[in-house]
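One structure below.
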Amino acid sequence: METPDYVTPLETGYKDDYHNAPHFNTRGDPTKRAFTYLVLGSSKFIAASAARVLILKLIYTMSASADVLAKGSVEVELGSIPLGESATIKWRGKPVFIRHRTPDEITLAAKDDQAELRDPQLDSERSVKPEWLVLLGVCTHLGCVPIANAGDYHGWFCPCHGSHYDVSGRIRKGPAPLNLEVPTYSFIEDDTKLLLGGETQR
Amino acid sequence: MRLIKKPLFNIVNNHLIDYPTPINIHYAWNFGFLSAMCLIIQIVTGIFLAMHYTPHVDLAFISVEHIMRDVNFGWLLRYIHANGASMFFIVVYIHIFRGLYYGSYAAPRQFVWVIGVIILLLMIITAFIGYVLPWGQMSLWGATVITNLVSAVPLVGDSIVAWLWGGFSVDNATLNRFFSLHYLLPFVIAAASLVHLAALHQEGSGNPLGIDASSDKVPMYPYFIVKDLLGIVAFIIFFSFFVYFSPNLLGHPDNYIEANPMVTPAHIVPEWYFLPFYAILRSIPHKLGGVICMIFAIVVLALLPWIHSTEIRSSRFRPIYRGLYWSMAACCLILGWIGGMPVEDPYIIIGQIASVYYFLYFLVILPLLGSLEKFLLSYKIN
């Protein structure tokens with residue numbers, strides 16, 4: 001049989017006859033390469049997507065589980081919070097401040113709309129009814145619980161790294177970058193109760 | 001042929017028995033061995049503590065009290081483990097500062113040094129998540145503050161934090177995964193330490209003169225094994241003082257209050273060994289900037305082999321560097337002091353000056369010092 005021209009003899013580096021036999025130096029039939037590449041390429045693709053799925057599933061297991069997500073909403077009786085006082089409710093493992101604001105506080109908050117704010121927001125945007133201010137009691141700096149009726153702006157003061165919030169829960173001074181977050185909530189049962197979680201209804 | 005000379009066993013022989021050691025290394029060279037001993041102490045006591053500990057928000061605090069009161073010698077186990085973390089950091093910090101003084105990071109040992117910085121980072125993570133496990137007030141709020149650092153990442157920060165927590169706050173899911181990782185990471189550290197050792201023995205140990213010592217070496221056993229053993233006796237005496245006489249000196253009393261997500265302690269402080277980094281974090285009046293600077297304060301150490309601007313390793317022959325070295329040591333102590341202080345004047349400004357000096361030292365002074373030294377060395381000779 002004639003030796004095909006794509007055989008390169010004696011390049012194996014071995015000295016024995018077995019490794020230097022012509023079949024050992026055959027590079028294969030070029031007309032079959034497209035099929036070989038198709039099989040190899042698709043196997044690599046399948047292996048890579050299998051690895052991706054494996055990693056993603058492991059990452060997903062660390063996200064909030066169904067029971068944690070199920071504890072999403074809480075009802076609060078508003079009649080128990082007198083004017084000028086605030087209540088702290090535990091919601092999703094975090095404190096929520098519900099402040100029954102006095103007319104003076106509402107006026108002060110509205111006046112502060114004109115002040116220089118780091119995270120500009122109107123007081124009216126931060127409350128559904130001006131007398132009820134609902135805030136997530138988590139400092140936007142590093143997650144501590146701010147203290148009520150403290151700080152330079154009569155609102156909240158975070159003892160951890162010294163952030164001051166005003167009566168609308170807006171950041172005024174200190175390292176925190178954002179205003180105290182307003183959670184989603186709605187008033188239910190003729191405005192006697194507040195439902196934390198769900199959709200905010202204005 | 002003796003067993004120790006056979007394959008597999010000869011690894012022990014090559015690294016701990018017949019390993020050629022420079023004759024002039026002094027007691028500052030004990031701390032590598034001591035840190036290995038610390039790791040072993042932590043792993044052994046940790047395995048036994050895990051037999052009695054329960055990683056659940058309702059039971060974790062109680063199970064630690066159970067270990068302290070009911071488990072036979074549980075108090076000893078826990079005090080060794082808790083103080084052992086502090087001892088580990090004391091030993092490792094001395095080990096690092098020895099490296100800085102004698103230029104151990106310089107070529108050809110860059111790889112050894114970089115692995116060392118990785119081990120330091122792993123130790124910091126392990127110690128931090130370990131401190132969360134007793135589920136006291138400092139555990140919870142320390143975890144809250146530190147995991148919230150990730151929320152500084154633009155766009156995806158908040159999602160990553162929720163994923164880290166496995167919920168809406170640091171809660172049961174967080175405690176469980178921290179326990180799992182606290183069990184895993186020490187073994188990763190052990191593996192990294194073996195790489196650290198193998199990389200060191202590839203090039204050979206450094207020595208106080210900072211010169212090539214290949215002409216003057218002795219076997220590790222008995223000479224330096226005996227010296228290391230003397231060191232460990234002294235270390236155990238020091239360690240025992242804390243364990244037996246003052247076991248809570250280095251801890252925070254607030255961690256004996258069970259974690260309460262509704263009340264933040266007035267003054268959150270991390271463990272003493274994190275205070276310098278915490279001071280840098282708080283000195284930067286910008287959230288993301290503070291986080292980046294704190295991480296960079298550790299990462300900058302890994303760049304030292306390339307920041308180093310001279311062929312001389314040991315500071316015995318670098319008088320200017322020697323002064324600067326002690327200024328850096330003082331800077332770290334000042335940062336540590338500021339990290340434990342409340343955020344108010346004058347501590348804010350002192351912290352900011354010290355933070356600026358820390359980075360100035362590594363990023364400006366050290367790269368330029370080599371040129372100054374070369375100039376002074378050749379001054380008026382030609």
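The values are calculated or read from the model by the stated rules, or taken from the named source; none is laboratory data. Treat the numbers as computed from the prediction; the structure is a model and nothing was measured. Neighbour counts run over all protein chains shown; Cβ positions are idealised from the backbone, glycine included.
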remark   = Those residues of segment B:135-174 which are of a type in the set (A, V, I, L, M, F, W, C) and on the phi > 0 side of the Ramachandran plot amount to B:Trp135, B:Leu155
ask   = What do you reckon, is B:Val12 in a helix (DSSP H, G or I) and within 22 Å of the chain's Cα centre (by Cα)?
value = no
inquiry  = Out of everything in segment A:85-106 that is in a strand (DSSP E or B) and free of Cβ contacts under 8 Å to residues at least 40 places away in the same chain, what residue ends up being farthest from A:Gly155 (Cα to Cα)?
reply    = A:Lys90
query = Could you give every pair whose Cβ atoms fall below 6 Å, whose first residue belongs to segment B:35-61 and is assigned by the TED database to the domain that holds B:Ser240 and within 13 Å of B:Pro134 (Cβ to Cβ), and whose second residue is among the aliphatic types (A, V, I, L, M) and at pLDDT below 95, counting only separations of at least 6 or pairs across chains?
reply = none
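Restricted to segment A:153-166, and to residues that are in contact with an Asp or Glu (Cβ under 9 Å, 6 or more places away or on another chain) and not aromatic (Phe, Trp, Tyr), which residue is surrounded by the most Cβ atoms within 10 Å (Cβ to Cβ)?
If we take residues in segment A:153-166 being in contact with an Asp or Glu (Cβ under 9 Å, 6 or more places away or on another chain) and not aromatic (Phe, Trp, Tyr), then A:Gly155 is surrounded by the most Cβ atoms within 10 Å (Cβ to Cβ).
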remark   = Scanning segment B:267-296 for residues that are buried (at least 17 other Cβ atoms within 10 Å of the Cβ) and assigned to a loop (DSSP other than H, G, I, E, B), the one farthest from the other protein chains (Cβ to nearest Cβ) turns out to be B:Glu271
task = From (1) of a type in the set (S, T, N, Q); (2) surrounded by 18 or more Cβ atoms within 10 Å (Cβ to Cβ); (3) within 29 Å of B:Val117 (Cβ to Cβ); (4) over 19 Å from the mean Cα position of the chain (by Cα), pick out the condition that doesn't hold for B:Ser193.
result = (4)
query = Of the residues that sit in segment B:321-362 and are without any contact (Cβ under 8 Å) to a residue 12 or more places away in the chain and not in a helix (DSSP H, G or I), which one is nearest to B:Ala279 (Cα to Cα)?
reply = B:Met341
Complete set of residues in segment A:181-200 that are part of a loop (DSSP other than H, G, I, E, B) and touching a residue at least 60 places away in the same chain (Cβ under 8 Å) = A:Pro183, A:Asp191, A:Thr192, A:Gly197, A:Gly198, A:Thr200
request  = Please specify each residue of segment A:138-160 satisfying the condition of being within 23 Å of the chain's Cα centre (by Cα) and in a loop (DSSP other than H, G, I, E, B).
outcome  = A:Val138, A:Cys139, A:Thr140, A:His141, A:Leu142, A:Gly143, A:Cys144, A:Val145, A:Pro146, A:Cys160
request  = Can you confirm whether segment B:173-182 contains a residue that is in contact with a helix residue (DSSP H, G or I) (Cβ under 6 Å, 6 or more places away or on another chain), part of a helix (DSSP H, G or I) and either modelled with pLDDT under 95 or away from chain A (no Cβ under 14 Å) (or both)?
outcome  = yes
remark   = Residue count, segment A:107-125, condition part of a helix (DSSP H, G or I) and over 19 Å from A:Ala150 (Cβ atoms), comes to 8
task = All but one of (1) surrounded by fewer than 17 Cβ atoms within 10 Å (Cβ to Cβ); (2) within 21 Å of the chain's Cα centre (by Cα); (3) free of Cβ contacts under 8 Å to residues at least 40 places away in the same chain hold for B:Val299, so report the exception by its number.
result = (3)
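So, in segment A:51-84, how many residues would count as being at positive phi and either within 11 Å of chain B (Cβ to nearest Cβ) or in contact (Cβ under 8 Å) with a residue 60 or more places away in the chain (or both)?
Total meeting the criteria: 0.
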message = Every residue in segment A:174-195 that is surrounded by fewer than 21 Cβ atoms within 10 Å (Cβ to Cβ) and either away from chain B (no Cβ under 11 Å) or modelled with pLDDT of 90 or more (or both), please.
response = A:Val182, A:Thr184, A:Ser186, A:Phe187, A:Ile188, A:Glu189, A:Asp190, A:Asp191, A:Thr192, A:Lys193, A:Leu195
task = For segment A:66-75, state whether one or more residues are touching a helix residue (DSSP H, G or I) at 6+ places or on another chain (Cβ under 9 Å) and in a helix (DSSP H, G or I).
result = yes
message = If B:Ile146 satisfies all but one of (1) within 10 Å of another protein chain (Cβ to nearest Cβ); (2) over 20 Å from B:Ala85 (Cα atoms), what's the number of the condition it fails?
response = (2)
query = Which of the residues spanning segment B:333-372 are over 18 Å from B:Leu303 (Cβ atoms) and touching a Phe, Trp or Tyr at 6+ places or on another chain (Cβ under 8 Å)?
reply = B:Leu335, B:Gly336, B:Ile338, B:Gly339, B:Gly340, B:Met341
inquiry  = Test of understanding: among B:Thr310, B:Thr264, which residue is within 11 Å of another protein chain (Cβ to nearest Cβ) and more than 23 Å from the chain's Cα centre (by Cα)?
reply    = B:Thr264
message = If I ask for residues that are touching a strand residue (DSSP E or B) at 6+ places or on another chain (Cβ under 7 Å) and of a type outside the set (A, V, I, L, M, F, W, C), which ones from segment B:20-47 would you list?
response = B:Pro20, B:Thr21, B:Pro22
Checklist (1) surrounded by 18 or more Cβ atoms within 10 Å (Cβ to Cβ); (2) within 14 Å of chain A (Cβ to nearest Cβ); (3) touching a residue at least 12 places away in the same chain (Cβ under 8 Å) applied to B:Leu133, failing item = (2)
message = Here are the criteria: (1) closer than 15 Å to B:Lys287 by Cβ; (2) in contact (Cβ under 8 Å) with a residue 24 or more places away in the chain. Tell me which single one A:Lys173 does not satisfy.
response = (2)
